[in-house]
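To keep things clear, I will list the structure first and then write my remarks on it.
The values are calculated or read from the model by the stated rules, or taken from the named source; none is laboratory data. Remember, predicted model here, so these are calculated numbers, not experimental data. Neighbour counts run over all protein chains shown; Cβ positions are idealised from the backbone, glycine included. Just the protein is used for accessible areas: all its heavy atoms, side chains included, with ligands, DNA and RNA removed. Shrake-Rupley method; radii C 1.70, N 1.55, O 1.52, S 1.80 Å.
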Amino acid sequence: MGAGNGFAELQAELKRLARVKNAVILAHNYQRPEVQDAADFVGDSLGLSRRAAESDAEIIVFCGVDFMAETAAILAPEKRVILPEARACCPMAQMVDVEGLQELKDQHPGAWVVSYVNTSAEVKALSDVCCTSANAVQVLQGVPADREIIFTPDRNLGSWAARRAGREVILWEGFCPTHELIQLEDIVRAKQEHPAAKVVVHPECAPEVSAAADAVESTTGMVRYCRGDPAQEFIIGTEAGMVHRLTRDVPGKKYYPATRSAVCPNMKLTTLRKAVEALRWERPVVAVPRDVREKALLAVQRMVEYGR
Ligand code: CIZ
Ligand code: SF4
């Protein structure tokens, strides 16, 4: 989607600045199409965390939400991590707090805390291991069998992954407001409209939605699934930006959002213009205080090592 859509100049300027400043542009799968198209890498938080850690760039422009930029800062403290839109947060991540989690830990001494990457750096610092939706099952399977598991903050990912992993978990009752907008009726209606389509949904969806799907996949898993499956049409149950990612990476097939309302307002705060301005001025910078970073690092490193 280069020239002709009004974004070409800004995209060229972003790339020019990145070259001059030795910056890398990372964009999450839920970002606006024109932001995805201007990025060096588009992916999920696991893939982007790995890119951040491995990159030689001095500056990381993270087009996503705050916890993702924080995770990059935890893994790559020597780099300057820029979040173009400082207000871009994750409401699910805000549903778990340090005091509440500490209380739960006190009630279950010896339990391992497995935290979804959608958490603050402070919550990560209280966790034994982090996971993403791409490796949650493997991470749970890796917890020593004699330990209880506390899973935060997503009840839907937690219960889905626990079932797959054959483990019991103590669930924190958080959820993604965007994914919970996707309802069973949306899936039923989409299947009636597109009877040949396979249904692929994200594990952040409500249990009855996941139960009605042909596959439950992380966003990276969705790319793999749609590429490998013989079906030519797919109903996609996740944030709307994913349809662009799939159209780009697995072209020639058709993707229908399960509902048009599953749009994460925080993900959409980042515009191409804001990304250019942020890189030009090299702010806002996301940094994690050293004591928090040191405690969170182990949990994040374990996450990055799972599911290679
Ligand atoms: O892990 C991520 O990046 C999120 C939020 C979704 C996914 O499944 O990729
Ligand atoms: Fe958070 Fe949901 Fe938005 Fe992802 S889509 S950033 S989990 S609110």
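Some values worked out for this structure:
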quantity: For region 113-164, size of Cβ-based charge dipole, Lys and Arg +1, Asp and Glu -1, in debye; calculated: 200 debye
quantity: Residue order for Lys274, Lys253 - accessible surface, 1.4 angstrom probe, largest first; calculated: Lys274, Lys253
quantity: Virtual paramagnetic centre 7 Å along Cα→Cβ of Glu173, amide N under 17 Å, in region 205-224; calculated: 206-207
quantity: Expected 222 nm ellipticity per residue - DSSP helices of 4 or more, -39500 (n - 2.57), all of the chain, to 500; calculated: -12500 deg cm²/dmol
quantity: Residue-span extension gain [Val98 to Gln301] - 0.36 nm each, minus C-alpha spacing; calculated: 71.0 nm
quantity: Heavy-atom accessible area order for Lys254, Lys124, Lys79, largest first, 1.4 Å probe; calculated: Lys254, Lys79, Lys124
quantity: log10 of Debye I(q)/I(0), alpha-carbon scatterers only, for region 97-233 at 0.18, 0.22 Å⁻¹; calculated: -0.98, -1.30
quantity: Between region 54-129 and region 184-233, the alpha-carbon center distance in angstrom; calculated: 28 Å
quantity: Charge dipole (debye, nearest 20) of region 167-308; +1 at Cβ of Lys and Arg, -1 at Cβ of Asp and Glu; calculated: 720 debye
quantity: Cα gyration tensor category, rounded, prolate or oblate, for region 204-283 with a/c compared to 1.5; calculated: prolate
quantity: Top positive-direction residue, dipole computed over the chain with Cβ charges, set Val304, Gly43, Val200; calculated: Gly43
quantity: Apportionment of accessible area to carbon and sulfur, region 237-308, percent (1.4 Å); calculated: 53 percent
quantity: R0 of 41 Å, Cβ-Cβ distance Lys254-Cys89: FRET efficiency to nearest 0.05; calculated: 0.80
quantity: Solvent-accessible ranking of Thr247, Thr119, largest area first, probe 1.4 Å; calculated: Thr247, Thr119
quantity: From the C-alpha gyration tensor of the chain, square roots of 5λ in Å; calculated: 29, 27, 15
quantity: Region 182-257 - charge dipole about Cα centre, Lys and Arg +1 at Cβ, Asp and Glu -1, debye rounded to 20; calculated: 360 debye
quantity: Residue-level accessible surface for Cys89, protein heavy atoms, 1.4 Å, Å²; calculated: 30 Å²
quantity: Estimated FRET transfer efficiency (Glu193, Arg227; beta-carbon r; R0 22 Å; 0.05); calculated: 0.40
quantity: Val169 accessible area, 1.4 Å probe, all protein chains in place, Å² to nearest 10; calculated: 40 Å²
quantity: Whichever lysines have a C-alpha closer than 22 Å to that of Lys274, once near sequence neighbours (fewer than 8 apart) are set aside; calculated: Lys15, Lys21, Lys79
quantity: Thr152 accessible area, assembled protein chains, probe 1.4 Å, Å²; calculated: 0 Å²
quantity: Per residue accessible area of region 182-257, 1.4 Å probe, in Å²; calculated: 42 Å²
